[in-house]
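See below for the structure under consideration.
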């Protein structure tokens, strides 16, 4: 958790806290939380046997060995696929990841570096999802597990488990904010792709018995704002006109079936940001010592739009962003395309220097196994 007093003063709020997910289980994004828990639950369901007790990943891999070979299949713009591949490798599973055309070479190399095969498809994220589902369906041996973070009719359990895994972040944030004496945030700003992360935020901040409710703000790319357009239409839909952005982790055309009821009822506001605004957010965060990738900086870009420009006074009032407010912003991704980061920021991550405030409210050490 990073306390950013300079931006808070500039934005006219009491405190801005950034949940920095640039290194989780040694991977550059929060996706490891959902992928690990979903893969673990999927293994339980697939094998029909209890894998516990186990002490660490090596122990779990040993318990799985009699059931091998098994293979995980996923669709991804980069981070989810890499996370699935990493945990498949730890557990001795094979892995195949389908990615959309135009995926950065560095992201493909990172997936392959985890031992997975990576296939690039024509089309966008939805095409990769369809192909991964077809691959799993075609395996009559019953040894392929589809690990998708989006859902459709008949495929709902695994995406729910992915979203459950993301709850770890918000439980940590509660502990970190309490340690800082910050209490519950007035607003929480999260990036939105198919809606799995936003659904986790809704589950956490709209749970029964919670006192004052935080405003939940979702941020999407202009041209890939499938949740926002669905909300305006009053129904879940696929984008008729789709324009991919540099925020590749958010380049989604259709909201997740299981996430849609939660995000459509639970989000307080949605903001759509342009690529240039995400790039400006990357540079701002770099000045604070935070190496955020294009997707990771999206929520920050959304916050900047909310608090500035025409109509900001009304938006601030509606969302409770007064001078005493604490705002929690999720930075969900570190640098996954080094060449792109250098082009935008002008410096490499190792060259960044954090202001004196540094990190605050660090969470307890993570357990060795998935599903924290």
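The values are calculated or read from the model by the stated rules, or taken from the named source; none is laboratory data. These numbers were taken from a predicted model, which means no experiment stands behind them. Reconstructed Cβ throughout: ideal geometry from the backbone, glycine too, with neighbour counts over all protein chains shown.
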Next on the checklist: Among the residues that make up the stretch 266-289, is at least one of them free of Cβ contacts under 8 Å to residues at least 12 places away in the same chain, surrounded by fewer than 22 Cβ atoms within 10 Å (Cβ to Cβ) and more than 25 Å from residue 123 (Cβ to Cβ)?
Outcome noted: yes
Checklist entry - residue 165: surrounded by 23 or more Cβ atoms within 10 Å (Cβ to Cβ), farther than 18 Å from residue 329 by Cβ and outside the structural domain of residue 91 (by TED's automatic domain parsing), yes or no? => result yes
Checklist entry - Hey, does the stretch 201-220 have a residue that's surrounded by 24 or more Cβ atoms within 10 Å (Cβ to Cβ), in the same structural domain as residue 264 (by TED's automatic domain parsing) and within 24 Å of residue 145 (Cα to Cα)? => result no
Checklist entry - Given the conditions (1) surrounded by fewer than 24 Cβ atoms within 10 Å (Cβ to Cβ); (2) modelled with pLDDT of 95 or more, which single one is not true for residue 50? => result (2)
Checklist entry - Taking into account only those residues within the stretch 114-127 that are closer than 26 Å to residue 68 by Cβ and within 21 Å of the chain's Cα centre (by Cα), which is surrounded by the fewest Cβ atoms within 10 Å (Cβ to Cβ)? => result 114
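Checking the structure you have, find out if any residue of the stretch 170-177 is farther than 24 Å from residue 21 by Cα, surrounded by fewer than 24 Cβ atoms within 10 Å (Cβ to Cβ) and out of contact with any strand residue (DSSP E or B) (no Cβ under 8 Å at 6 or more places or on another chain). Write out each step before concluding.
To start, the set of residues in the stretch 170-177 that are farther than 24 Å from residue 21 by Cα comprises none.
Looking for residues that are farther than 24 Å from residue 21 by Cα, surrounded by fewer than 24 Cβ atoms within 10 Å (Cβ to Cβ) and out of contact with any strand residue (DSSP E or B) (no Cβ under 8 Å at 6 or more places or on another chain), one finds none in the stretch 170-177, hence no.
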Checklist outcome for this item: When every residue in the stretch 248-265 that is within 28 Å of residue 317 (Cβ to Cβ) and under 17 Å from the mean Cα position of the chain (by Cα) is compared, the one surrounded by the fewest Cβ atoms within 10 Å (Cβ to Cβ) is 262
Next on the checklist: Being in the same structural domain as residue 237 (by TED's automatic domain parsing), touching a helix residue (DSSP H, G or I) at 6+ places or on another chain (Cβ under 8 Å) and assigned to a strand (DSSP E or B) is the requirement here; does residue 120 meet it?
Outcome noted: no
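Kindly check whether there is at least one residue in the stretch 180-196 that is in contact (Cβ under 8 Å) with a residue 24 or more places away in the chain, assigned by TED's automatic domain parsing to the domain that holds residue 307, in a helix (DSSP H, G or I) and surrounded by fewer than 20 Cβ atoms within 10 Å (Cβ to Cβ).
Here is the first cut: in the stretch 180-196, the ones in contact (Cβ under 8 Å) with a residue 24 or more places away in the chain are 180, 182-196.
Subsequent filtering for residues that are assigned by TED's automatic domain parsing to the domain that holds residue 307 retains 180, 182-196.
With the extra rule that they be in a helix (DSSP H, G or I), the set shrinks to 180, 196.
Then keep just the ones that are surrounded by fewer than 20 Cβ atoms within 10 Å (Cβ to Cβ); that gives 180.
Looking through the stretch 180-196, at least one residue is in contact (Cβ under 8 Å) with a residue 24 or more places away in the chain, assigned by TED's automatic domain parsing to the domain that holds residue 307, in a helix (DSSP H, G or I) and surrounded by fewer than 20 Cβ atoms within 10 Å (Cβ to Cβ).
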Checklist entry - Quick one: is residue 100 under 18 Å from residue 116 (Cα atoms), surrounded by fewer than 20 Cβ atoms within 10 Å (Cβ to Cβ) and outside the structural domain of residue 250 (by TED's automatic domain parsing)? => result no
Checklist outcome for this item: The correct count of residues that are touching a residue at least 12 places away in the same chain (Cβ under 8 Å) and outside any helix (DSSP H, G or I) in the stretch 143-172 is 13
